[in-house]
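See structure below.
Please treat every number below as a calculation from the coordinates, not as lab data. The structure displayed is predicted, hence computed values, not measured ones. As a convention, Cβ positions derive from the backbone with ideal geometry for all residues, glycine included, and neighbour counts pool all protein chains shown.
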Amino acid sequence: MKASAQAHSNIALSKYWGKRDEKLILPNNSSVSMTLDKFFTVTTVDFDSRYSIDSFVLNGEKVGEGQEWKEVQGHLDLIRSMAHTKAKAKVVSNNNFPTAAGLASSASGMAALSLAGSKAAGLNLDKKELSILSRRGSGSASRSIEGGFVEWIKGSKSDGTDSFGRQIAKETHWPELRMIVNIVKSGAKKWKSRAGMAQTIATCPYYPVWEKTAQKDSDTMKELVIKKDFSAVGKLAEFNALKMHATMMTTQPPILYWHPVTMEIMQDIITWRDEGIESYFTIDAGPQVKILCLEKNEHKLVRRLNDIKGIEKIESCKAGPDAKILEKHLF
Ligand code: 2P0
């Protein structure tokens, strides 16, 4: 059976960095994200007994080895075990944005694979079950099943049945909010998040501070998003991102995701903010800078950002939609 799905990437306003269970992908703290309208993955999955092996084509290129391949195959095995089938699968997937560059391609990718794969395998999962399945593929993918603003609840059970993404506000909740994504460097990053966060826990002397404070950040962020308190959301998002990067930088060996242009944008945002153009930045596991602002300052900021040399692409995003099944297949 064949099915296709589209899932949008999400950017955390309060971050996930560290697992309490590596196999089930259970986080040390909850996180809160905004789904992006412009960045998404489309995936078609076909389970058929006539296939002798699994195959995976990403952005037009065959992926038959390496970590990405292992993760997709592992996820197909998980779907097969849930659906009690042995059929192999053909998977074709396209991202409309750079892969593995700190733009949450694993989030939209694993959410689209979970939705299309479970449907193709004959499973009829609800949103919570889909989020849990997505989480098993990549933690941040648990936040890409629903649109708008989503909380990935940490949960406390050891089997992970209470750790999933739940919408806290719909995509129409805050129409004035923008996230301007600045693509500084589109190549794949050196440190994948999975290895990076494990290394941080193992060696960073400041990680215990993150662990002690990240849950409160997430709980506070959820309330602030519901209240649409822009200044407080922006301040906390920026602080939380810098706190996460402080743990990355003080990991051994160091995990440095920033490039000179990353720094330049951060400095400019602070200067422009002092001039009265209120905006805040957040950065993930890569050099890209995402800027939070309100609609009234969007064009002014984009004009100024256009003057910075070294930004490859600027995309101004609004909150995006839920993941959905598509009737049109990629093959
Ligand atoms: C986040 N990141 O909350 C944080 C901030 C990166 C920095 O979630 O190992 O690709 O597959 O669970 O989900 C990236 O981590 O890692 C991430 P796995 P994932 O968005």
**Item:** Net dipole in debye of the chain [+1 Lys, Arg Cβ; -1 Asp, Glu Cβ; about Cα centre; nearest 20]
**Value:** 460 debye
**Request:** Taking only Cα atoms and a 10 Å spring cutoff, compute GNM fluctuations for the chain and point out the largest among SER114, SER52, SER131.
**Result:** SER52
**Asked** 222 nm [θ] for the chain, helices only, -39500 (n - 2.57) per DSSP H run of 4+, per residue, to 500?
**Response** -12500 deg cm²/dmol
**Request:** Would you mind pulling out the separation of the Cα centroids of the stretch 288-323 and the stretch 42-118, in Å?
**Result:** 30 Å
**Item:** Top positive-direction residue, dipole computed over the chain with Cβ charges, set SER316, SER49, ILE265
**Value:** SER49
**Request:** Please build a GNM for the chain, connecting alpha carbons under 10 Å apart, and tell me which residue among LYS23, LYS119, LYS227 fluctuates the most.
**Result:** LYS23
**Item:** Length added when fully stretched, MET249-ASP48, from 0.36 nm per residue minus Cα-Cα
**Value:** 67.8 nm
**Message:** Please state the shape class of the stretch 219-327: rounded when a/c is under 1.5, otherwise prolate if a/b exceeds b/c and oblate if not, all from the C-alpha gyration tensor.
**Reply:** rounded
**Prompt:** Length gain on complete extension for the stretch THR220 to LYS190, per 0.36 nm per residue less the alpha carbon to alpha carbon distance?
**Reply:** 7.6 nm
**Cross-link pairs beyond the 30 Å C-alpha cut-off, checked among LYS2/LYS222; LYS90/LYS309; LYS38/LYS192; LYS70/LYS216; LYS212/LYS313** = LYS2/LYS222; LYS90/LYS309; LYS70/LYS216; LYS212/LYS313
**Request:** Evaluate the relative contact order of the chain (contact order divided by residue number), counting alpha-carbon pairs under 8 angstrom at least 6 apart; express in whole percent.
**Result:** 26 percent
**Length added when fully stretched, HIS84-ARG303, from 0.36 nm per residue minus Cα-Cα** = 73.4 nm
**Request:** About the Cα centre of the stretch 179-331, how large is the charge dipole given +1 on each Lys and Arg Cβ and -1 on each Asp and Glu Cβ? Please answer in debye to the nearest 20.
**Result:** 360 debye
**Prompt:** Once phi is turned into θ = phi - 60°, what whole-Hz ³J(HN,Hα) does the Karplus curve with 6.51, -1.76 and 1.60 give for every residue of the stretch 18-25, x standing for Gly and Pro?
**Reply:** x, 10, 9, 9, 6, 6, 7, 6
**Asked** Can you pick out the pairs among LYS15/LYS296; LYS86/LYS189; LYS128/LYS157; LYS88/LYS189 whose Cα atoms lie more than 25 Å from each other?
**Response** LYS15/LYS296; LYS86/LYS189; LYS88/LYS189
**Prompt:** Taking a label point 7 Å from the Cα of GLU61 along the Cα→Cβ vector, which residues of the stretch 170-207 have an amide N closer than 12 Å to it?
**Reply:** 187-189
**Prompt:** For helix 127-137, what angle does its Cα long axis make with the longest principal axis of the chain, in degrees from 0 to 90 and rounded to 10?
**Reply:** 90 degrees
**Item:** Cβ charges +1 (Lys, Arg) and -1 (Asp, Glu), total dipole of the stretch 127-240, debye
**Value:** 380 debye
**Fill in**
So the angle from the long Cα axis of helix 295-306 to the longest Cα principal axis of the chain, reported in degrees to the nearest 10, equals 90 degrees
**Among ILE11, ILE25, ILE53: highest mean-square fluctuation, GNM of the chain, C-alpha pairs under 10 Å** = ILE53
**Item:** Beta bridge orientation in the chain: antiparallel %, DSSP, nearest 5
**Value:** 95 percent
**Asked** Roughly how tilted is helix 193-203, in degrees to the nearest 10 and between 0 and 90, from the longest Cα axis of the chain?
**Response** 60 degrees
**Selection from MET197, GLY137, THR85, by position along the positive dipole direction of the chain (Cβ)** = THR85
